[in-house]
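Single-structure report; data block below.
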Amino acid sequence: MKKIALLLLLLITFSSCKSSKRVATTKSKIEKIDSRSRKSDLNSSKADKVVDYALKFDGVKYKYGGTTKKGMDCSGLIVTSFNSENISLPRTTGDLSITGDWIDLKQVTKGDLLFFATQKNSRNVNHVGIVTEARNGNVEFIHASTSSGVIVSNLAEKYWYFAFVQARRVL
């Protein structure tokens, strides 16, 4: 019994010694996380503004090559919305699809771009939208569709789910 008590005492003593090292390590990690979160907050603020600007076009009819309230196409919506925050992006969907960083669908957040292949039997990207909301696996995005103009859709819709190709982060 004395041996067990001595062993427990030694174990507690050594454990408490390690805890002071962990505090120092944790503190430096917290500082790193804080600096990352400040950058993340800045990007989040820009994303909010980009998405809010894009939502002003909700209901605008589709027009190939359009970038105004008179008519908008999918890449025009992206370029116009990001330009509102002085962020220059390529004009075409194909060029947008190689801009920024590829991200996993589970990591998408507001302001990220979603790319789709809507032509039958093709995986070539020809459509793009901006994530307006991403929570608990539910992803909504705004885009300019040829049939309905600028609308907000959900990635869970069968059509968009099967047409999805990739997500990219440009902020």
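Key figures for this structure:
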| quantity | calculated |
| --- | --- |
| Three-way shape call for the stretch 67-121 based on the alpha-carbon gyration tensor, with the a/c threshold at 1.5 | oblate |
| Electrostatic dipole magnitude of the stretch 53-160 [Cβ: Lys, Arg +1; Asp, Glu -1; Cα centre; debye, to 20] | 380 debye |
| Centre separation in Å (Cα based) which lies between the stretch 76-111 and the stretch 129-147 | 13 Å |
| Restraint check, Lys56/Lys158; Lys110/Lys158; Lys46/Lys69; Lys49/Lys70; Lys61/Lys106, Cα-Cα greater than 24 Å | Lys56/Lys158; Lys61/Lys106 |
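A short reminder: the numbers here are calculations on the coordinates, not readings from a lab. In this text, all values refer to a predicted model and were calculated from it rather than measured experimentally. Counting neighbours? That spans all protein chains shown, and the Cβs are built from the backbone with ideal geometry, glycine included.
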